[in-house]
Structure formats: C-alpha cells, structure tokens
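The structure follows.
The values are calculated or read from the model by the stated rules, or taken from the named source; none is laboratory data. Predicted, not measured: the structure shown is a model, and the values here were computed from it. Because the Cβ atoms are built from the backbone with ideal geometry, glycine has one as well, and the counts that use them run over all protein chains shown.
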Amino acid sequence: MKAETSILVISFIVAIILGFIIIPILRKLKVGQIERDDGPKSHLKKQGTPTMGGIIMIITMIIVVTGSYIYFTLNGQNDLANNILPLLLVSIGFGLIGFIDDFKKLVLKNTEGLKPSYKMLGLLIISVAYVVYLVYGLHIGTNTYIPILKQYISMPVYIYIPFAIIVILATTNAINLTDGIDGLSSSVSAIIVTCLTVIGILFGAPEVGVFGSIVIGAVLGFLMFNLHPAKVFMGDTGSLLLGGVISAIALYIKMPILLIIIALIPVLETLSVIIQVAYFKKTGNRIFKMAPLHHHFELSGWKESKVVIVFSTITLILCIIGLQTVV
C-alpha cells in the first residue's frame, strides 16, 4: 500500500505541473469550449474556456506508468510491470478516439468532429481487441463476480465476449455523458476508480493497485484545474479515457456487474438521455427539463457546485456499499 500511495502522489504532482504547462498552450491555440445555445444560460460564460484537457491525464499516465514499469523491472517484478501496460494501452486507445474528435472540432474547426459512426467503430475495435486479449491472451477466463452473492458465475465465451464489449461501450459513453459540469465527471470517476483500485488490491491484483493509483493521482491533479470555475475542461479526450479506465479495470478484476452499483450516477445520466429522447419522439414532450440528468437539476435551480457535491457524495456512498457487497 505504501508503494501505491507514493505512486499516487507522484502522479498528482506530475499532473499539476503538466496543467500549468498545457493549459496556456491550449489557450494560445484557442482550443475553447463550444457551448450549446439551448443549454443552461449560466454555461454561456464558459464559451472559449480551454478544453481537450484530458491530454493532461493521458501524458501523466504515460509518464508515471513508464517510470513505474522501469522501477518494477529493475526490482525483478517483471510480471507486475508487464501487466500494467495493457491497462494503459486500452485506456489511451479510448482517449485517442476522443482526442481525434476534439481535434477535428476545436483545432481543425470541423463542427461535425469525428462522425458518430467512425467514433463508435473506433471504440468497438478497441473494445473487441481488449476483451479478446483478456480471454485469449491473459487467459483470465469468463468468470464474473456477482456482488451480494459473493460468488463467481462462468459464462460461455460466446456470451461473455459480447457482454464485455457492451460493458466497455456503455461505460465509455456513460462517463462521456456525465461530463458537462465543472468537476463532475472527474470527481465521480476518481471515486469509482478508487473503489475499483481498492478491490483490486484486496483481490490480489497488484497491477490494478499500481495503475489505479496512477489514474487517481492524474485525475485529482486535473481536478485542481477543473473545479468550478473551471480553467480547463477534459473534452471527449478525457471522458472517453476515464470510461476506458473504469471498464478496463472492472473487467480485469472480473467485476463488471459491480458498475451497476458504484457507477449508478453515470448509469442514470445515460438513462435520462435515452428516456428523454424516446419520450420526446413518442409524445413531443419532455420528462426532464434537459438531459443529461445534471442539466435537469441545474435548470431546477441547483448551482453547479451543489450538483457536483451531491452526485459525488452519492457515488461515494454507493462505492462503500459496493465494497460491502464484494468483501
């Protein structure tokens, strides 16, 4: 646990340093946030705030994972060093999909960005590659832990692979939808990753402990610039990165079903969009004042900071409950 704490602190410091370097560059390049005209009026003042800040987390993770890899290799912990790399690569893969989308919209000024079909194809390719690697490369099997029952069930491989792919795609999109208020997605994601990291350590997966600590430090460092009023937004670069991290770790420790509990806020954010669209198409009316869910509460009179505090507190409580269901 001492090593994980040290790695977390190092990652936090690296993210802070990178924040001071990268944010002025993004501002100089005029990589600014584009706000919706039909969104909360309070968001219009955010127009032009630097985005694509997920780059801070990506570079932090690459630097600290590389350093950790060298450290553990020199200390004869080759398996631990090698097992961190797949978790990094799949996470960076999702981040790169978001980066391409952000780059096209914000740097190349292509308002459409990456076409939704191409975006989903990219996410699907990375998801399939990671799941196939887990099953046939690492041979971790298809056992999936059932919270509360505290036992594993073994799925046929032809069911497990599509199931795992859906988990990844759903998680990345859910975290993406949760990103819309200063500090919300980063706060919620940090708590969820912390929960998964603790479980990984308790269940004998030291690589998850190390990688999770690196991510937590990177997110907390980024959060220092992302809290209200945000000096930078993560963009799809960051939200898809964090969605990839959460789903990759959950599948690695064989606990994707646990996400229904600990990631309930992103789940509800996603459901609010699905319900809103379906209900509007059928009736022409809206159930929520605006979707995703956090905007509904904003338009109901909640300040951004209140939404973040409430949603983060709920996530923390759910993660404590989640821990109780598995240990």
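So, in segment 67-108, how many residues would count as being over 17 Å from L241 (Cβ atoms), of a type in the set (V, I, T) and in contact with a helix residue (DSSP H, G or I) (Cβ under 9 Å, 6 or more places away or on another chain)?
Number satisfying all stated conditions: 2.
If you check T197 against the conditions, is it crowded, with 17+ Cβ neighbours inside 10 Å, in contact with a Leu (Cβ under 7 Å, 6 or more places away or on another chain) and under 20 Å from L240 (Cα atoms)?
no
OK, next. Please tell me if K282 is assigned to a loop (DSSP other than H, G, I, E, B) and among the basic types (K, R).
no
Could you tell me whether segment 222-234 includes any residue that is within 25 Å of I321 (Cα to Cα), buried (at least 24 other Cβ atoms within 10 Å of the Cβ) and either in contact (Cβ under 8 Å) with a residue 24 or more places away in the chain or among the basic types (K, R) (or both)?
Looking through segment 222-234, none of the residues is within 25 Å of I321 (Cα to Cα), buried (at least 24 other Cβ atoms within 10 Å of the Cβ) and either in contact (Cβ under 8 Å) with a residue 24 or more places away in the chain or among the basic types (K, R) (or both).
Could you tell me which numbered condition V267 fails, if it satisfies all but one of (1) surrounded by fewer than 17 Cβ atoms within 10 Å (Cβ to Cβ); (2) part of a helix (DSSP H, G or I); (3) in contact with a helix residue (DSSP H, G or I) (Cβ under 9 Å, 6 or more places away or on another chain)?
In the conditions (1) surrounded by fewer than 17 Cβ atoms within 10 Å (Cβ to Cβ); (2) part of a helix (DSSP H, G or I); (3) in contact with a helix residue (DSSP H, G or I) (Cβ under 9 Å, 6 or more places away or on another chain), V267 misses (1) alone.
Give the residues of segment 79-111 that are buried (at least 20 other Cβ atoms within 10 Å of the Cβ) and free of Cβ contacts under 8 Å to residues at least 60 places away in the same chain, sorted by residue number.
Listed by number, the list holds a single entry, A81.
Test E207 against the stated conditions and say whether it is in contact with a helix residue (DSSP H, G or I) (Cβ under 9 Å, 6 or more places away or on another chain), surrounded by fewer than 24 Cβ atoms within 10 Å (Cβ to Cβ) and among the charged types (D, E, K, R).
yes
With segment 130-247 as the region, which helices (runs of 4 or more DSSP H) entirely inside it contain at least 3 residues that are farther than 21 Å from L87 by Cβ?
Because the criterion is at least 3 residues that are farther than 21 Å from L87 by Cβ, the helices (runs of 4 or more DSSP H) in segment 130-247 that meet it are 157-178, 206-226.
Condition first: surrounded by fewer than 20 Cβ atoms within 10 Å (Cβ to Cβ) and hydrophobic (A, V, I, L, M, F, W, C). Can you find one or more residues in segment 140-147 that meet it?
Yes, segment 140-147 contains at least one residue that is surrounded by fewer than 20 Cβ atoms within 10 Å (Cβ to Cβ) and hydrophobic (A, V, I, L, M, F, W, C).
Then there's this: Among K282, K231, which is the only one that is modelled with pLDDT under 95, under 21 Å from V307 (Cβ atoms) and not small (G, A, S)?
Matching residue, one of K282, K231: K231.
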